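The values are calculated or read from the model by the stated rules, or taken from the named source; none is laboratory data. Not measured: the values here are computed from a predicted model. Counting neighbours? That spans all protein chains shown, and the Cβs are built from the backbone with ideal geometry, glycine included. Remember, those area values only see protein heavy atoms, side chains included, never the ligands or the DNA or RNA. Shrake-Rupley method; radii C 1.70, N 1.55, O 1.52, S 1.80 Å.
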Amino acid sequence: MNEIHLLLEKAARSLDVAKDLLREGHSDFATSRTYYACFYTAQALLLSKDLEFSSHSQVIAQYGYHFSRTKILSPEYHRLLAKAFDFRNLADYQTEVALSAEAVEELIERGREFLRAASSYLGDPPGDEETSGEAESGESGAD
């Protein structure tokens, strides 16, 4: 497996863990995992262009430059990446989490959409049941 595929798999696992954490009432930790899923997705996309960056802000900015500005993928995913980063900072560094379970659920769903769009672009769907095989398993993903 190449690094791009491994990043997509890690993103899919992060979204599954985020869903589990949210179900258990841990919206702050679910938010953080969701951000990292988006971050890994952006890293995989950048790596497909032989680009690697060392900081979160660089990954966000360069994703915007190479994928959003050019409309290779919808600019909404760049906004999602930036929003998830902001939410993650709140969740990780504030003692009182101000994010509702509904807001985190929406963030997770948007993260899944980003992962699906990236996987489709890369021609490398992750082997995650909840992300790619909901119809086969009979699960709708809604709890």
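Beyond 24 Å, what percent of the Cα pairs of the chain remain? Don't skip to the end; give the middle numbers.
On the way: 2684 of 10153 pairs.
Looking at the chain, the distances longer than 24 Å represent 26 percent of pairs.
Given the whole protein assembly as supplied and a 1.4 Å probe, what does the accessible area of Tyr65 come to in Å², nearest 10?
My reading of the accessible area for Tyr65 is about 120 Å².
Out of Gln62, Ser32, Phe87, whose Cα points farthest toward the positive end of the dipole of the chain (charges: +1 Lys, Arg; -1 Asp, Glu; placed on Cβ)?
Result: Gln62.
Picking from Ala37, Ala11, Ala118, which is most flexible by a Gaussian network model of the chain using Cα springs under 10 Å?
Ala118
Which of Ser32, Ser74, Ser14 moves the most in a Gaussian network model of the chain with Cα springs under 10 Å?
Evaluated over the chain, the most mobile residue of the options is Ser74.
Compute the label zone of Ala103 within segment 31-64: residues whose backbone N is under 17 Å from the point 7 Å along Cα-to-Cβ.
It comes to 31-36, nothing else.
Which FRET efficiency, nearest 0.05, do Arg23 and Arg116 yield, Cβ-Cβ r, R0 30 Å?
Numbers: r = 21 Å, r/R0 = 0.71.
FRET efficiency, Arg23 to Arg116: 0.90.
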